[in-house]
Amino acid sequence: MSKSDWDSALGQLLGANKIYAVVEHEACLDYDLINSDRIPHIIYNQPKPVTPLKMFFLPIKQNVSNLEAQNKQIIIGAPNCDVEALRILDEIYLEEPFTDPFYKQRRENTLIISSDCLDILEHCHCNSYGIDPFASEIADLSIILLENQAVLTSLGKKGDAFIKTLSSLEGTSLNDYPNDAIIEEKHSATIQKLKKSNNTLPGYKESGMLVSRSNGEIWKKYASDCVSCGACSAICPTCSCFLLNDKPAFEKVRQIDTCQYPGFERVAGGEDALGNLATRFRNRYMCKYVWKPETFEALACTGCGRCIETCIGGINKNELIIELEKETMSR
């Protein structure tokens, strides 16, 4: 549909849905709750919002004492690295017999419209791990803006229902997009940029083998710059550790936690398996590249690069893994 028709459709959908979309925030992109005035300012096809998609399903703090009704919401602009991260979160929180009703409710009440990435940022490396910079599954729809047209592709039943809703809105005209070759060309150009930018980075499985076989010296070297702030884990789209805090009146509050905090594994008596900084630092890599692949089918790193961008110590996990590969080859 035309971009103007798409904007008009979003305005009509505001009454029955909360709509969150990617907009510009000073020097970065991030999600915002959209009203009619903000619709023209939505950013499409640019990587990537600061906030990972997981925050819509696993809030920083959440009262889990009672399951309350939740409004329908539409999220526009999630990059595919974030969408793919939902695979492992769904495995953790939706599989029987330990289904999380709070996570499940939010997933069911949310329509995800993924935005195809037509460019990359310095630390984007999704394709190195076999993930495309455009959605083909998991999200409900994908969107790409071309020639002042909003091209929507349904990726499932919820997407089909949404397009049917669009067709019923006043002043909305839907047509088949005639230039699929242009979309494929744009996708291919982004993939080539990713390959060129990460041509020395090992793949996901290879990275796991390198991490598991590594010696302690490299972890001491990189951990020397770590301040244990936990930003890397907190902002990671696949990390989901949490604390469950008991509050007065029998309330329970789930709060995001991270393995990089000092005391993460401290137990009664003061024992702490991760008390040493280098051990704690390595633990995160072992979790992402070794232990989770042994337990789950989905990837525990989708190559978004946020951990590199947010690290106060300037630690680049990709440089660490490339160095591990060079060490292995020199032995």
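The values are calculated or read from the model by the stated rules, or taken from the named source; none is laboratory data. Bear in mind the structure is a predicted one, so any value in this text is a computation, not a measurement. Because the Cβ atoms are built from the backbone with ideal geometry, glycine has one as well, and the counts that use them run over all protein chains shown.
Scan region 172-203 for residues that are touching a helix residue (DSSP H, G or I) at 6+ places or on another chain (Cβ under 7 Å) and closer than 17 Å to Ser115 by Cβ and jot them down.
Result: Ile191, Leu194.
Is it the case that Thr302 is under 21 Å from Cys81 (Cα atoms), in a loop (DSSP other than H, G, I, E, B), touching a helix residue (DSSP H, G or I) at 6+ places or on another chain (Cβ under 8 Å) and free of Cβ contacts under 8 Å to residues at least 60 places away in the same chain?
When the stated conditions are applied, Thr302 does not pass them.
Assess whether Ser128 counts as being within 20 Å of Cys236 (Cα to Cα) and not in a strand (DSSP E or B).
yes
For region 313-325, state whether one or more residues are farther than 20 Å from Asn198 by Cβ and either over 20 Å from the mean Cα position of the chain (by Cα) or not in a helix (DSSP H, G or I) (or both).
Yes: one or more hits.
Can you name the condition, by its number, that Ala69 falls short on among (1) small (Gly, Ala, Ser); (2) under 14 Å from the mean Cα position of the chain (by Cα); (3) more than 19 Å from Phe242 (Cβ to Cβ)?
(2)
For residues in region 213-266 being of a type in the set (Gly, Ala, Ser) and over 21 Å from Leu58 (Cβ atoms), which is surrounded by the fewest Cβ atoms within 10 Å (Cβ to Cβ)?
By that ranking, first place goes to Ala249.
Assigned by TED's automatic domain parsing to the domain that holds Pro178 and within 22 Å of Lys61 (Cβ to Cβ), is that true of Arg87?
For Arg87, the condition - assigned by TED's automatic domain parsing to the domain that holds Pro178 and within 22 Å of Lys61 (Cβ to Cβ) - is not met.
Can you tell me which residue among Leu53, Leu67, Leu10 is assigned by TED's automatic domain parsing to the domain that holds Phe102, touching a helix residue (DSSP H, G or I) at 6+ places or on another chain (Cβ under 6 Å) and more than 30 Å from Asp176 (Cβ to Cβ)?
Going through Leu53, Leu67, Leu10 in turn, the sole match is Leu67.
Among the residues that make up region 203-213, is at least one of them part of a loop (DSSP other than H, G, I, E, B) and among the hydroxyl-bearing types (Ser, Thr, Tyr)?
The answer is no, given that none of the residues of region 203-213 is part of a loop (DSSP other than H, G, I, E, B) and among the hydroxyl-bearing types (Ser, Thr, Tyr).
Sort out which residues of region 166-200 are in contact (Cβ under 8 Å) with a residue 40 or more places away in the chain, over 24 Å from the mean Cα position of the chain (by Cα) and either on the phi < 0 side of the Ramachandran plot or in a strand (DSSP E or B) (or both), and write them in order of number.
Leu166, Leu169, Glu170, Thr172, Ser173, Leu174, Asn175
Is region 77-91 home to any residue that is acidic (Asp, Glu), within 27 Å of Arg254 (Cα to Cα) and assigned to a loop (DSSP other than H, G, I, E, B)?
Looking for residues that are acidic (Asp, Glu), within 27 Å of Arg254 (Cα to Cα) and assigned to a loop (DSSP other than H, G, I, E, B), one finds none in region 77-91, hence no.
Among the residues of region 71-79, is any more than 19 Å from Gly159 (Cα to Cα) and either crowded, with 16+ Cβ neighbours inside 10 Å or out of contact with any strand residue (DSSP E or B) (no Cβ under 9 Å at 6 or more places or on another chain) (or both)?
No, every residue in region 71-79 fails to be more than 19 Å from Gly159 (Cα to Cα) and either crowded, with 16+ Cβ neighbours inside 10 Å or out of contact with any strand residue (DSSP E or B) (no Cβ under 9 Å at 6 or more places or on another chain) (or both).
When the residues of region 259-283 are narrowed to those that are in contact (Cβ under 8 Å) with a residue 60 or more places away in the chain and of a type outside the set (Gly, Ala, Ser), which ends up farthest from Ile235 (Cα to Cα)?
So the residue we want is Thr279.
Out of all the residues in region 278-296, is one or more assigned to a strand (DSSP E or B) and either surrounded by 12 or more Cβ atoms within 10 Å (Cβ to Cβ) or over 21 Å from the mean Cα position of the chain (by Cα) (or both)?
no
Pull up region 26-70, narrow it to residues that are part of a loop (DSSP other than H, G, I, E, B) and of a type in the set (D, E, K, R), then point me to the one that is surrounded by the fewest Cβ atoms within 10 Å (Cβ to Cβ).
Glu26
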